[in-house]
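Read the structure below first, then the notes.
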Amino acid sequence: MHDAVWVHARLAPMVGPVIRDGALATAAGRISWVGERCDWNGDARVEHDARGAWILPGFVDCHTHLVYAGSRAHEFELRLQGASYEDIAKAGGGIISTVRATRAASEAELLSLAQRRLRSWLAEGAAVVEVKSGYGLDRDTELKMLRAARRLEGVVVKTTFLGAHALPEEYKGRADAYIDFVCDEVLPAAAAEKLVDAVDAFCERIAFTRHQTARLFETAKRLGLPVKLHADQLSDLGGAALAAKHGALSADHLEYTSEAGIDALARAGSVAVLLPGAYYFLRETRLPPISALRSHHVPIALATDHNPGSSPLSSPLLAMNMACTLFRLTPEEALAGFTVQAARALGMQASHGTLQAGKAADFALWEIDSPAELAYAIGANPCVGRVRAGKSVLST
Ligand SMILES: [Zn+2]
(Lines give C-alpha, C1' and ligand atoms only; values in the text may rest on other atoms or scores of the structure.)
Protein backbone atom coordinates (compact mmCIF):
# COMPACT_ATOMS: atom_id res chain seq x y z
CA MET A 1 0.00 0.00 0.00
CA HIS A 2 1.30 3.43 -1.03
CA ASP A 3 0.54 6.55 1.03
CA ALA A 4 -0.40 8.75 -1.92
CA VAL A 5 -0.32 8.89 -5.69
CA TRP A 6 -0.33 11.85 -8.09
CA VAL A 7 -2.00 11.06 -11.42
CA HIS A 8 -2.53 13.05 -14.65
CA ALA A 9 0.93 14.48 -14.12
CA ARG A 10 3.60 15.25 -16.65
CA LEU A 11 6.89 14.09 -15.19
CA ALA A 12 10.45 15.34 -15.76
CA PRO A 13 12.39 12.75 -13.74
CA MET A 14 15.79 14.30 -14.77
CA VAL A 15 16.89 10.78 -15.65
CA GLY A 16 15.49 9.03 -18.74
CA PRO A 17 12.75 10.55 -20.91
CA VAL A 18 9.91 12.80 -19.78
CA ILE A 19 6.55 11.12 -19.17
CA ARG A 20 3.55 12.91 -20.69
CA ASP A 21 0.81 11.11 -18.73
CA GLY A 22 2.42 9.77 -15.62
CA ALA A 23 1.82 8.68 -12.07
CA LEU A 24 4.06 9.12 -9.05
CA ALA A 25 3.42 7.35 -5.74
CA THR A 26 4.96 7.85 -2.32
CA ALA A 27 5.32 5.75 0.81
CA ALA A 28 6.99 6.57 4.12
CA GLY A 29 8.34 9.88 2.78
CA ARG A 30 9.96 8.34 -0.28
CA ILE A 31 9.01 7.94 -3.92
CA SER A 32 7.65 4.40 -4.13
CA TRP A 33 6.62 4.24 -7.80
CA VAL A 34 7.04 6.42 -10.89
CA GLY A 35 6.02 5.71 -14.48
CA GLU A 36 3.29 5.87 -17.15
CA ARG A 37 -0.21 6.22 -15.70
CA CYS A 38 -1.42 3.29 -17.81
CA ASP A 39 1.10 1.04 -16.03
CA TRP A 40 0.03 2.15 -12.54
CA ASN A 41 -2.13 -0.44 -10.79
CA GLY A 42 -1.05 0.07 -7.19
CA ASP A 43 -3.16 0.98 -4.19
CA ALA A 44 -2.75 4.36 -2.51
CA ARG A 45 -4.60 5.82 0.45
CA VAL A 46 -4.90 9.22 -1.23
CA GLU A 47 -5.13 10.08 -4.91
CA HIS A 48 -4.19 13.59 -6.09
CA ASP A 49 -5.20 14.79 -9.55
CA ALA A 50 -2.28 16.86 -10.86
CA ARG A 51 -4.48 18.14 -13.72
CA GLY A 52 -1.66 18.07 -16.21
CA ALA A 53 0.85 19.93 -14.02
CA TRP A 54 4.51 19.07 -14.46
CA ILE A 55 6.21 17.36 -11.53
CA LEU A 56 9.93 17.98 -11.14
CA PRO A 57 12.38 17.12 -8.37
CA GLY A 58 12.50 19.87 -5.73
CA PHE A 59 15.28 22.33 -6.48
CA VAL A 60 18.63 21.90 -4.77
CA ASP A 61 20.46 25.20 -4.17
CA CYS A 62 23.98 23.93 -3.56
CA HIS A 63 25.74 27.25 -2.76
CA THR A 64 24.28 29.98 -0.53
CA HIS A 65 25.41 32.28 2.27
CA LEU A 66 21.85 32.58 3.61
CA VAL A 67 22.64 33.20 7.29
CA TYR A 68 23.86 36.73 8.09
CA ALA A 69 22.71 39.97 9.65
CA GLY A 70 22.78 43.52 8.31
CA SER A 71 22.02 44.96 4.91
CA ARG A 72 24.34 46.14 2.16
CA ALA A 73 21.69 48.06 0.21
CA HIS A 74 23.32 51.37 1.14
CA GLU A 75 26.60 50.13 -0.30
CA PHE A 76 24.75 49.40 -3.54
CA GLU A 77 23.51 53.01 -3.57
CA LEU A 78 27.03 54.32 -2.95
CA ARG A 79 28.46 52.22 -5.76
CA LEU A 80 25.81 53.55 -8.14
CA GLN A 81 26.88 57.07 -7.16
CA GLY A 82 30.40 56.17 -8.27
CA ALA A 83 32.03 55.18 -4.96
CA SER A 84 34.99 52.79 -5.24
CA TYR A 85 35.47 49.69 -3.11
CA GLU A 86 38.01 51.65 -1.10
CA ASP A 87 35.51 54.45 -0.42
CA ILE A 88 32.98 51.83 0.68
CA ALA A 89 35.46 50.10 2.96
CA LYS A 90 36.36 53.49 4.51
CA ALA A 91 32.66 54.16 5.09
CA GLY A 92 32.49 50.90 7.07
CA GLY A 93 31.03 48.78 4.24
CA GLY A 94 32.11 45.57 2.55
CA ILE A 95 32.27 42.07 4.00
CA ILE A 96 33.58 43.42 7.32
CA SER A 97 30.26 45.23 7.85
CA THR A 98 28.41 41.91 7.46
CA VAL A 99 30.87 40.28 9.87
CA ARG A 100 30.28 43.01 12.44
CA ALA A 101 26.48 42.72 12.18
CA THR A 102 26.55 38.91 12.26
CA ARG A 103 28.81 38.84 15.34
CA ALA A 104 26.40 41.22 17.10
CA ALA A 105 23.24 39.22 16.26
CA SER A 106 21.92 36.40 18.43
CA GLU A 107 21.38 32.90 17.06
CA ALA A 108 17.60 33.49 17.23
CA GLU A 109 17.94 36.71 15.22
CA LEU A 110 20.08 35.03 12.58
CA LEU A 111 17.58 32.18 12.34
CA SER A 112 14.62 34.51 12.00
CA LEU A 113 16.32 36.60 9.27
CA ALA A 114 17.34 33.51 7.29
CA GLN A 115 13.96 31.83 7.73
CA ARG A 116 12.29 34.92 6.26
CA ARG A 117 14.71 34.93 3.30
CA LEU A 118 14.06 31.23 2.74
CA ARG A 119 10.41 31.93 1.85
CA SER A 120 11.40 32.71 -1.74
CA TRP A 121 13.05 29.30 -2.14
CA LEU A 122 10.05 27.51 -0.63
CA ALA A 123 7.73 29.37 -3.01
CA GLU A 124 9.80 28.00 -5.90
CA GLY A 125 9.59 24.43 -4.69
CA ALA A 126 13.09 24.07 -3.24
CA ALA A 127 13.88 20.82 -1.45
CA VAL A 128 17.48 21.35 -0.33
CA VAL A 129 19.44 24.50 0.48
CA GLU A 130 23.12 24.52 1.35
CA VAL A 131 24.14 27.26 3.81
CA LYS A 132 27.71 28.37 4.50
CA SER A 133 29.20 29.99 7.56
CA GLY A 134 31.91 32.60 6.99
CA TYR A 135 30.57 35.88 8.39
CA GLY A 136 31.78 35.14 11.90
CA LEU A 137 35.49 34.54 11.36
CA ASP A 138 35.75 33.79 15.06
CA ARG A 139 34.89 30.57 16.85
CA ASP A 140 31.63 31.50 18.55
CA THR A 141 30.06 33.30 15.59
CA GLU A 142 30.99 30.59 13.09
CA LEU A 143 29.31 28.01 15.33
CA LYS A 144 26.33 30.32 15.92
CA MET A 145 25.79 30.66 12.16
CA LEU A 146 25.93 26.89 11.62
CA ARG A 147 23.52 26.23 14.49
CA ALA A 148 21.08 28.80 13.08
CA ALA A 149 21.33 27.20 9.63
CA ARG A 150 20.61 23.75 11.06
CA ARG A 151 17.41 25.08 12.66
CA LEU A 152 15.90 26.39 9.38
CA GLU A 153 12.56 24.79 8.60
CA GLY A 154 10.88 23.76 5.37
CA VAL A 155 13.81 22.30 3.44
CA VAL A 156 16.65 19.87 3.96
CA VAL A 157 19.64 21.99 5.02
CA LYS A 158 23.28 21.14 4.34
CA THR A 159 25.79 23.20 6.26
CA THR A 160 29.23 24.08 4.95
CA PHE A 161 32.01 25.48 7.11
CA LEU A 162 33.52 28.56 5.42
CA GLY A 163 35.73 29.91 8.22
CA ALA A 164 38.34 30.68 5.53
CA HIS A 165 36.07 33.18 3.76
CA ALA A 166 37.97 36.38 4.54
CA LEU A 167 40.63 37.58 6.94
CA PRO A 168 39.10 39.19 10.05
CA GLU A 169 40.41 42.61 11.05
CA GLU A 170 42.07 41.27 14.21
CA TYR A 171 44.30 39.01 12.04
CA LYS A 172 45.28 41.73 9.55
CA GLY A 173 48.63 40.80 7.97
CA ARG A 174 48.62 37.40 9.74
CA ALA A 175 46.72 35.12 7.36
CA ASP A 176 48.80 32.05 8.27
CA ALA A 177 48.05 32.54 11.96
CA TYR A 178 44.35 32.83 11.13
CA ILE A 179 44.45 29.55 9.16
CA ASP A 180 46.17 27.92 12.17
CA PHE A 181 43.35 29.19 14.38
CA VAL A 182 40.68 27.89 11.96
CA CYS A 183 42.38 24.47 11.61
CA ASP A 184 43.25 24.02 15.30
CA GLU A 185 40.22 25.51 17.01
CA VAL A 186 37.23 26.58 14.96
CA LEU A 187 36.75 23.71 12.51
CA PRO A 188 37.39 20.96 15.11
CA ALA A 189 34.87 22.64 17.46
CA ALA A 190 32.24 22.85 14.72
CA ALA A 191 32.90 19.25 13.67
CA ALA A 192 32.70 18.02 17.28
CA GLU A 193 29.23 19.55 17.51
CA LYS A 194 28.36 17.77 14.25
CA LEU A 195 27.52 21.08 12.55
CA VAL A 196 29.55 20.51 9.39
CA ASP A 197 28.58 18.61 6.24
CA ALA A 198 31.45 19.98 4.13
CA VAL A 199 34.38 22.42 4.30
CA ASP A 200 34.81 25.31 1.86
CA ALA A 201 37.34 28.12 1.42
CA PHE A 202 37.83 31.25 -0.68
CA CYS A 203 41.06 30.70 -2.61
CA GLU A 204 41.84 34.05 -4.22
CA ARG A 205 44.44 36.81 -4.20
CA ILE A 206 42.16 38.89 -1.95
CA ALA A 207 41.54 35.93 0.39
CA PHE A 208 43.63 32.78 0.96
CA THR A 209 46.49 31.19 -0.98
CA ARG A 210 46.56 27.71 -2.43
CA HIS A 211 48.92 26.61 0.30
CA GLN A 212 46.66 27.94 3.08
CA THR A 213 43.63 26.31 1.43
CA ALA A 214 45.48 22.99 1.19
CA ARG A 215 46.24 23.11 4.92
CA LEU A 216 42.56 23.57 5.66
CA PHE A 217 41.67 20.68 3.33
CA GLU A 218 44.14 18.42 5.17
CA THR A 219 42.37 19.25 8.42
CA ALA A 220 39.00 18.50 6.80
CA LYS A 221 40.33 15.15 5.64
CA ARG A 222 41.54 14.27 9.14
CA LEU A 223 38.04 15.06 10.42
CA GLY A 224 36.46 12.94 7.67
CA LEU A 225 34.72 15.91 6.00
CA PRO A 226 34.36 16.44 2.22
CA VAL A 227 35.58 19.70 0.70
CA LYS A 228 34.40 22.32 -1.82
CA LEU A 229 36.11 25.47 -3.04
CA HIS A 230 35.37 29.03 -4.20
CA ALA A 231 37.85 28.76 -7.07
CA ASP A 232 39.19 31.02 -9.82
CA GLN A 233 36.45 33.66 -9.56
CA LEU A 234 38.66 36.71 -10.03
CA SER A 235 41.93 35.19 -11.27
CA ASP A 236 43.38 31.79 -12.19
CA LEU A 237 45.12 30.70 -9.00
CA GLY A 238 44.83 27.02 -9.91
CA GLY A 239 41.91 26.62 -7.50
CA ALA A 240 40.05 24.07 -9.61
CA ALA A 241 43.09 21.79 -9.82
CA LEU A 242 43.62 22.12 -6.06
CA ALA A 243 39.99 21.20 -5.40
CA ALA A 244 40.28 18.22 -7.75
CA LYS A 245 43.49 17.07 -6.04
CA HIS A 246 41.56 16.86 -2.77
CA GLY A 247 38.63 15.02 -4.37
CA ALA A 248 36.31 17.99 -3.85
CA LEU A 249 32.56 17.53 -4.21
CA SER A 250 32.58 20.73 -6.24
CA ALA A 251 34.59 23.71 -7.40
CA ASP A 252 32.48 26.86 -7.56
CA HIS A 253 32.63 30.07 -9.70
CA LEU A 254 35.43 29.03 -12.15
CA GLU A 255 35.35 32.15 -14.36
CA TYR A 256 39.16 32.04 -14.78
CA THR A 257 39.73 28.26 -14.65
CA SER A 258 42.20 26.96 -17.23
CA GLU A 259 41.67 23.89 -19.43
CA ALA A 260 44.11 21.95 -17.21
CA GLY A 261 41.95 22.80 -14.19
CA ILE A 262 38.85 21.56 -16.00
CA ASP A 263 40.59 18.35 -16.99
CA ALA A 264 41.52 17.81 -13.32
CA LEU A 265 37.90 18.33 -12.24
CA ALA A 266 36.75 15.80 -14.85
CA ARG A 267 39.23 13.19 -13.61
CA ALA A 268 38.27 13.77 -9.96
CA GLY A 269 34.53 13.58 -10.69
CA SER A 270 34.03 17.00 -9.09
CA VAL A 271 31.03 19.12 -10.05
CA ALA A 272 31.47 22.63 -11.51
CA VAL A 273 29.06 25.01 -9.74
CA LEU A 274 28.34 28.16 -11.76
CA LEU A 275 27.00 31.28 -10.05
CA PRO A 276 25.44 33.67 -12.55
CA GLY A 277 24.03 35.95 -9.83
CA ALA A 278 27.48 37.17 -8.78
CA TYR A 279 28.56 37.54 -12.41
CA TYR A 280 25.48 39.69 -13.05
CA PHE A 281 25.59 41.77 -9.88
CA LEU A 282 29.33 42.52 -10.12
CA ARG A 283 28.95 43.16 -13.86
CA GLU A 284 31.76 40.72 -14.58
CA THR A 285 32.77 40.16 -18.17
CA ARG A 286 34.84 36.98 -17.97
CA LEU A 287 32.54 34.05 -18.77
CA PRO A 288 33.11 30.66 -17.14
CA PRO A 289 34.57 28.14 -19.62
CA ILE A 290 31.28 26.47 -20.54
CA SER A 291 32.36 24.75 -23.75
CA ALA A 292 35.46 23.24 -22.11
CA LEU A 293 33.33 22.01 -19.18
CA ARG A 294 30.98 20.40 -21.70
CA SER A 295 33.73 18.82 -23.79
CA HIS A 296 35.41 17.38 -20.67
CA HIS A 297 32.03 16.10 -19.41
CA VAL A 298 32.30 17.93 -16.10
CA PRO A 299 28.81 17.97 -14.50
CA ILE A 300 27.53 21.56 -14.30
CA ALA A 301 25.42 22.69 -11.34
CA LEU A 302 23.95 26.14 -10.75
CA ALA A 303 23.26 27.99 -7.51
CA THR A 304 22.04 31.38 -6.35
CA ASP A 305 25.18 32.11 -4.25
CA HIS A 306 22.77 34.23 -2.19
CA ASN A 307 24.85 36.67 -0.13
CA PRO A 308 24.55 40.34 0.84
CA GLY A 309 27.68 41.57 -0.96
CA SER A 310 27.94 40.09 -4.43
CA SER A 311 24.74 38.14 -5.14
CA PRO A 312 21.59 39.25 -3.29
CA LEU A 313 19.63 36.72 -5.37
CA SER A 314 16.81 34.71 -3.80
CA SER A 315 15.38 32.93 -6.83
CA PRO A 316 16.58 29.64 -8.34
CA LEU A 317 14.30 30.36 -11.33
CA LEU A 318 16.00 33.69 -12.00
CA ALA A 319 19.43 32.07 -11.60
CA MET A 320 18.39 29.57 -14.30
CA ASN A 321 17.36 32.37 -16.62
CA MET A 322 20.63 34.22 -15.97
CA ALA A 323 22.63 31.05 -16.69
CA CYS A 324 20.91 30.67 -20.05
CA THR A 325 20.97 34.36 -20.97
CA LEU A 326 24.46 35.23 -19.75
CA PHE A 327 26.32 31.89 -19.92
CA ARG A 328 24.36 30.38 -22.85
CA LEU A 329 23.43 27.21 -20.98
CA THR A 330 20.48 25.34 -22.46
CA PRO A 331 17.26 25.29 -20.38
CA GLU A 332 17.82 21.56 -19.99
CA GLU A 333 21.30 22.14 -18.55
CA ALA A 334 19.93 24.86 -16.27
CA LEU A 335 17.27 22.52 -14.89
CA ALA A 336 19.81 19.75 -14.37
CA GLY A 337 21.96 22.39 -12.68
CA PHE A 338 19.36 22.94 -9.97
CA THR A 339 18.38 19.27 -9.59
CA VAL A 340 20.47 16.25 -10.46
CA GLN A 341 23.87 18.00 -10.71
CA ALA A 342 23.30 20.19 -7.64
CA ALA A 343 22.49 17.07 -5.61
CA ARG A 344 25.84 15.63 -6.73
CA ALA A 345 27.61 18.83 -5.71
CA LEU A 346 26.37 18.16 -2.16
CA GLY A 347 26.98 14.40 -2.25
CA MET A 348 23.20 13.84 -2.09
CA GLN A 349 22.68 12.00 -5.36
CA ALA A 350 21.33 8.95 -3.53
CA SER A 351 18.40 10.89 -2.05
CA HIS A 352 17.68 13.97 -4.19
CA GLY A 353 17.88 15.48 -7.67
CA THR A 354 15.77 12.99 -9.66
CA LEU A 355 12.33 11.38 -9.51
CA GLN A 356 13.17 7.74 -8.91
CA ALA A 357 11.75 5.09 -6.61
CA GLY A 358 13.64 5.08 -3.33
CA LYS A 359 14.54 8.78 -3.35
CA ALA A 360 13.04 11.34 -0.98
CA ALA A 361 9.51 12.34 -1.98
CA ASP A 362 10.57 16.01 -2.26
CA PHE A 363 9.13 17.45 -5.45
CA ALA A 364 7.24 20.42 -6.89
CA LEU A 365 4.28 20.84 -9.22
CA TRP A 366 4.44 23.47 -11.96
CA GLU A 367 1.73 24.95 -14.17
CA ILE A 368 3.80 25.19 -17.36
CA ASP A 369 3.65 23.83 -20.90
CA SER A 370 7.22 22.56 -20.92
CA PRO A 371 10.11 22.45 -18.41
CA ALA A 372 12.05 24.93 -20.60
CA GLU A 373 9.55 27.59 -19.50
CA LEU A 374 11.16 27.63 -16.05
CA ALA A 375 14.45 28.97 -17.42
CA TYR A 376 12.79 31.09 -20.10
CA ALA A 377 10.46 33.26 -17.99
CA ILE A 378 11.77 36.25 -16.03
CA GLY A 379 10.04 37.03 -12.74
CA ALA A 380 7.20 34.50 -13.06
CA ASN A 381 6.65 31.75 -10.53
CA PRO A 382 4.39 29.00 -11.88
CA CYS A 383 4.95 26.70 -8.88
CA VAL A 384 1.53 25.39 -7.80
CA GLY A 385 2.51 22.85 -5.18
CA ARG A 386 5.35 21.51 -3.13
CA VAL A 387 5.62 18.06 -1.61
CA ARG A 388 8.06 17.40 1.19
CA ALA A 389 8.71 13.87 2.47
CA GLY A 390 5.52 12.77 0.72
CA LYS A 391 3.34 15.47 2.27
CA SER A 392 1.76 18.35 0.35
CA VAL A 393 2.82 21.66 1.80
CA LEU A 394 1.81 25.15 0.80
CA SER A 395 4.32 26.80 -1.44
CA THR A 396 4.83 29.82 0.81
ZN1 LIG B 1 29.88 31.98 -2.37
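Find which of Leu223, Ala201, Ser270 sits farthest along the positive direction of the dipole of the chain, computed with +1 on the beta-carbon of Lys and Arg, -1 on that of Asp and Glu, about the Cα centre.
Farthest along the dipole direction, towards plus: Leu223.
Could you work out the relative contact order of the stretch 133-226, using alpha carbon pairs under 8 angstrom and six or more residues apart, expressed as a whole percent? Spell out each step's value before the answer.
Details: 122 pairs, mean separation 28.1, N = 94.
Value for the stretch 133-226: 30 percent.
Please say if the stretch 200-299 is rounded, prolate or oblate, where rounded means a/c under 1.5 for a ≥ b ≥ c the square roots of the C-alpha gyration tensor eigenvalues, and otherwise the choice is prolate for a/b larger than b/c and oblate otherwise?
oblate
Between Leu80 and Ala389, what is the spin-label point distance in nm, taking each point 7 Å from the Cα along the Cα→C-beta axis?
4.2 nm
How large, in percent, is the carbon and sulfur part of the accessible surface of the chain at a probe radius of 1.4 Å?
Of the solvent-accessible surface of the chain, carbon and sulfur hold 51 percent.
Per residue of the stretch 97-111, in order, report the coupling 6.51 cos²θ - 1.76 cosθ + 1.60 (Karplus, θ = phi - 60°) as ³J(HN,Hα) in whole Hz, putting x for Gly and Pro.
These are the phi-based 3J(HN,Hα) values: 5, 5, 4, 4, 5, 6, 4, 6, 7, 7, 4, 5, 5, 4, 4 Hz.
I need the calculated FRET efficiency for the pair Glu36 and Glu259, taking r as the beta carbon distance and R₀ as 35 Å, to the nearest 0.05.
According to the calculation, E is roughly 0.20.
Roughly speaking, what is the stretch gain from Arg222 to Ala104, that is 0.36 nm per residue apart minus the C-alpha to C-alpha distance, in nm to one decimal?
Residue separation times 0.36 nm, minus the Cα-Cα distance, leaves 39.3 nm.
Let me know the shape class of the stretch 247-370, please: from the alpha-carbon gyration tensor, a ≥ b ≥ c as square roots of the eigenvalues, rounded when a/c is under 1.5, otherwise prolate if a/b is greater than b/c, or oblate.
Cα axes put the stretch 247-370 in the oblate bin.
To check you understand DSSP bridge types, tell me what percent of the beta bridges within the chain (both residues inside) are antiparallel, rounded to 5. It would help to have the intermediate numbers written out before the result.
Working: 24 of 56 bridges.
Percentage antiparallel, nearest 5: 45.
Run lengths n ≥ 4 of DSSP H only: what is the helix-derived mean residue ellipticity at 222 nm for the chain, with -39500 (n - 2.57) per run over all residues, to the nearest 500?
On the way: 16 runs with 138 residues, N = 396.
Value at 222 nm, helices only: -9500 deg cm²/dmol.
Please tell me the relative contact order of the chain in percent, rounded to the nearest whole number, where contacts are Cα pairs under 8 Å and at least six residues apart. If you can, show how the numbers build up before the last one.
Numbers: 931 pairs, mean separation 75.1, N = 396.
For the chain, the relative contact order is 19 percent.
The values are calculated or read from the model by the stated rules, or taken from the named source; none is laboratory data. Keep in mind the model is a prediction, meaning the values are calculated, not measured. Note that we place each Cβ from the backbone using ideal geometry, even for glycine, and neighbour counts take in every protein chain shown. The protein model used for the area step is the full one, side chains on, heavy atoms only, and it has no ligands, DNA or RNA in it. Shrake-Rupley method; radii C 1.70, N 1.55, O 1.52, S 1.80 Å.
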